Amino acid sequence: MALAVRNDAEWARFVQLIGRPELAADERYRTLAARKANEEPLEAIVSEWTIGRSPEEATRILQEAAIPAFPSYSSKDIAEDLHLTDAGFFVRREHPEVGVRQHIGIPWRMTETPCEVRRQAPCLGEHTQYILGDLLNYAPETIRQLQDDGVLT
C-alpha cells in the first residue's frame, strides 16, 4: 500500500494510530527532514504496523485519521474495482482482432464538452496511410516505397 505523511501534524496522528506515540518526540523522526534522513528504519516501523493488516484495513484506518493512503493495485485489481466500474470509468469497445474489450475511459468530466473513448485501440499499421498521406502529405509512391523497403508494417 501507499501512504503519505505530509507534515508534522500528520506524523503525530500517525504515530498515535500505530501505537508508537514516543516517535513523535524522537529526534530521528520529529521533522520531515529528519524522517527523510532516517527513511530506512522508518520504513521498518511502518512495515511492522502494516504487515499485520490487509491493505484495505490499513487504508481505512489511515484515511479515517486523515492520512492519505491507498492499496497498490495491479492492472487486474484496477479492472475489477467496483468503485471505478460504478463511476463509469471503464468502457467496452469492439476490436476487430480480439473482440469486445474493456478500456480505461476518460478519468475526468467536463461540464460543456463530452469526453469519451470514441474508438477501440488501433491495429498495427491501421492509420499508416492516414498519417503519412493525409497528415504528412507523403506521395502515394513514397508510401509504397517505404512499404516495399520494409520500413512500414
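Observations on the model:
- Among the residues of segment 113-153, those that are under 33 Å from the mean Cα position of the chain (by Cα), without any contact (Cβ under 8 Å) to a residue 24 or more places away in the chain and not in a helix (DSSP H, G or I) comprise T113, P114, C115, R118, P122, E126, H127.
- A residue that is outside any helix (DSSP H, G or I) and touching a residue at least 60 places away in the same chain (Cβ under 8 Å) can be found somewhere in segment 71-85.
- Residue-level analysis places E94 among those that are charged (D, E, K, R) and either within 25 Å of the chain's Cα centre (by Cα) or in the same structural domain as F14 (by TED's automatic domain parsing) (or both).
- For segment 87-142, the candidate set comprises residues that are surrounded by 10 or more Cβ atoms within 10 Å (Cβ to Cβ) and of a type in the set (V, I, T); within that set, the residue that is nearest to D77 (Cα to Cα) is I104.
- Scanning segment 74-86 for residues that are within 19 Å of A121 (Cα to Cα) and surrounded by 12 or more Cβ atoms within 10 Å (Cβ to Cβ) returns I78, A79.
The values are calculated or read from the model by the stated rules, or taken from the named source; none is laboratory data. None of these values were measured; they are calculated from a predicted model. Every residue, glycine among them, receives a Cβ derived from its backbone with ideal geometry; neighbour counts consider all protein chains shown.
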